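Please read the structure below before turning to the comments.
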Amino acid sequence: MTLATDHTNSPLPSPSPKGRGESVKPVGILGGTFDPIHHGHLRLAQEALEQCKLASVHFIPSGTPPHRNAPYAGAQQRLAMTRLALQGNPAFALDEREIHRSGPCYTVDTLTELRAELGTQQPLCLLMGGDAFLLLHTWHEWERLFELAHIVVMQRPGRNVDMQMADAHPGLRSRYHQHVQGSTDALRTAPAGAVLVRDMPALQISATDIRARCAAGKDIHYLLPDAVADYIYSHHLYTQHANH
Ligand code: ATP
């Protein structure tokens, strides 16, 4: 089976499980609105790739996000910007499946599809920032996520996820303590079920801030790849909109 991914960057390592005794590298999944994609997203993926020794990271731009207002840029524009941002990194791939799905897009459905394509033994790692993890209990059928994938939470300095769990939703707190692991070995010894927290540097970048800069006529270079900034300028994106 193959992933519905754009591998034009270069061929990806095979995600299929290997023979007995061989270690299977986990595949990382990073979902987001990517409205637009920026260096915070890319650094999160790169840190997870290296720290968790992932085979690859698959970026999945959401179609109709269930938890938030409609994106500002069109689906095809967000897809194009994500494709531009991933260019040149053979370990990063674009997965278009959510963009082409009609109706609401739920991560649980995407992981179910990936699980069916990659088999029951392939370790999958759902990557997210600490801010996203603290809201996990609001996601559709969130408890099933632990059956389908590992969750790798990339925490930024000053935002210790373990400490933040004290004030988190009780159901999420209980799941966290049940599943949290200290070593990346847990990502290889089972296909799903571990929660791993790892550090990443602080990049105070958000898509909201980039859109606000565009609307104010300010420069957005160095917050995101040049190719994405150039795309935004040439398509006059985010100039007319007020932010959420
Ligand atoms: P918006 O500002 O429109 O809410 P965003 O920049 O936060 O967008 P999302 O698409 O909502 O981007 O985020 C996708 C994932 O990337 C989430 O898991 C989020 O935690 C993570 N993320 C976003 N920005 C950063 C950043 N600067 N550093 C690390 N992780 C980030």
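Structure data summary
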{"quantity": "Folded to 0 to 90 degrees: helix 107-118 orientation relative to the chain principal axis, Cα", "calculated": "60"}
{"quantity": "Highest-fluctuation residue, MET154, MET165, MET200 considered, GNM on the chain with Cα pairs under 10 Å", "calculated": "MET165"}
{"quantity": "Residue-wise HN-Hα coupling along segment 93-98, computed from phi with Karplus coefficients 6.51, -1.76, 1.60 (Hz; x: Gly, Pro)", "calculated": "9, 9, 10, 8, 4, 6"}
{"quantity": "Å³ per residue enclosed by the Cα convex hull of the chain", "calculated": "124"}
{"quantity": "Distance between modelled label sites at LYS53 and ARG144, nm, 7 Å Cα→Cβ extension", "calculated": "3.2"}
{"quantity": "Net +/- balance of residues flanking GLY193 in space, Cβ distance below 11 Å, scoring K and R +1, D and E -1", "calculated": "0"}
{"quantity": "Gaussian network model of the chain, springs between alpha carbon atoms under 10 Å - residue of ALA45, ALA202, ALA75 with greatest fluctuation", "calculated": "ALA202"}
{"quantity": "Among GLY193, GLY88, GLY129, residue whose mean-square fluctuation peaks in a GNM of the chain (springs only between Cα atoms under 10 Å)", "calculated": "GLY88"}
{"quantity": "Summed residue charge, Cβ within 15 Å of HIS150's Cβ, Lys/Arg positive, Asp/Glu negative", "calculated": "+4"}
{"quantity": "Approximate spin-label separation ALA190-ALA227, in nm, with each point projected 7 Å along Cα-to-Cβ", "calculated": "3.8"}
{"quantity": "CD proxy at 222 nm, helix term only [per DSSP H run n ≥ 4: -39500 (n - 2.57); per residue of the chain; nearest 500]", "calculated": "-9000 deg cm²/dmol"}
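Taken together, the values in this text are just the output of simple stated rules run on the coordinates, not laboratory data. Bear in mind that the values here come from a model prediction, so they are computed numbers and not experimental data. Neighbour counts run over all protein chains shown; Cβ positions are idealised from the backbone, glycine included.
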